[in-house]
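Working notes for the structure below.
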Amino acid sequence: MPRKYAILLALTLGVIVLDQWTKYLVVRDLTTRFDGLPTLSERLGAFYSPAEAPGFRGLHFQPRTHVEVLENFFRIRYAENPGAAWGLFRDLPPHLRGPLFHLVSLGAVLLIVFYFRKLSGTDPAEVWALWGLPLVLGGALGNYIDRVARAFVIDFLEAHWYDKAAWPSFNVADMAICIGVGMLVVDAFVRKEKPKASAPAQAS
């Protein structure tokens, strides 16, 4: 297997596994979703099965607690996002929101794979794209798994300022996407095509 595809496979799968594992832990430890389910297979079945209708506070899985990591600044708290990044389009009707997100997610995957195939994998100038694209792909697939399984994405990382201002909740997949996009921005500057110098005029 060519080196670039080994990087794509390893990094993409790594992001997906880490993303899904952290979401599972959050549901297990911070919600009541797995109450009465003693085995791992039962908990995984509940984790990846369609959720029931929203209940208290409009959540499908009911939180039982949260973790204050840095008081007044950062906490781990279960949240659900039926929309896109930062909650965009969450108010769209489900019959429109679902197909839209499926189309956008699959289109993004195809675009990333198409762009990645064009990389040589050996040019040092491609290093930002070589590692950035798999991060974006892994993050996109991590959140897409959530949408397919239960029609909403699980978020749990919450940065805030004394509860007066807060960044929208996010997850590992979101972090991978943001880091990957940042690397692609750097790649756009590193590999920016420079105008070729005109050939010197020949002496007559």
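The values are calculated or read from the model by the stated rules, or taken from the named source; none is laboratory data. Everything numeric here is computed off the predicted structure, so don't read it as measured data. For the accessible areas, the whole protein counts, side chains as well, though only heavy atoms, and no ligand, DNA or RNA atoms are used. Shrake-Rupley method; radii C 1.70, N 1.55, O 1.52, S 1.80 Å.
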Taking protein heavy atoms only, a 1.4 Å probe, and rounding to whole percent, the accessible area of the chain owed to carbon and sulfur comes out at 69
Straight-line reach check, Lys118, cutoff 12 Å on alpha carbons, 8 or more apart in-chain or any other chain, hits among aspartates and glutamates -> Glu126
Here region 154-162 yields Karplus 3J(HN,Hα) values (6.51, -1.76, 1.60; θ = phi - 60°; whole Hz; Gly and Pro given as x) of 8, 10, 7, 9, 10, 9, 8, 10, 6
If amide H atoms are modeled at 1.01 Å from N in the peptide plane, then the residues at a separation of 5 or more from Asp155, or on another chain, having amide H under 5 Å from its own are Ala79, Glu80, Asn81
Note: Leu100 to Leu13 extended length (0.36 nm per residue) minus current alpha-carbon separation gives 28.9 nm
For the chain, dividing by residue count, accessible area per residue (probe 1.4 Å) in Å² works out to 61
Once amide hydrogens are built 1.01 Å from N within the peptide plane, the residues lying 5 or more places from Arg33 or on another chain with amide H under 5 Å from its amide H are Gln62
Applied in sequence order to region 35-42, the curve 6.51 cos²θ - 1.76 cosθ + 1.60 (Karplus, θ = phi - 60°) yields integer Hz couplings, x standing for Gly and Pro, of 4, x, 10, x, 9, 5, 5, 5
With x for Gly and Pro, the residue-by-residue ³J(HN,Hα) of region 113-122, computed from phi through the Karplus equation 6.51 cos²θ - 1.76 cosθ + 1.60 at θ = phi - 60° and given in whole Hz, is 5, 4, 5, 5, 4, 7, 6, 6, x, 10
Mean separation of Cα contacts under 8 Å (at least 6 apart) over the residue count of the chain, i.e. the relative contact order in percent, is 28
The set of residues whose placed amide H lies less than 5 Å from the amide H of Phe74, leaving out same-chain residues fewer than 5 positions away, is Val69, His160
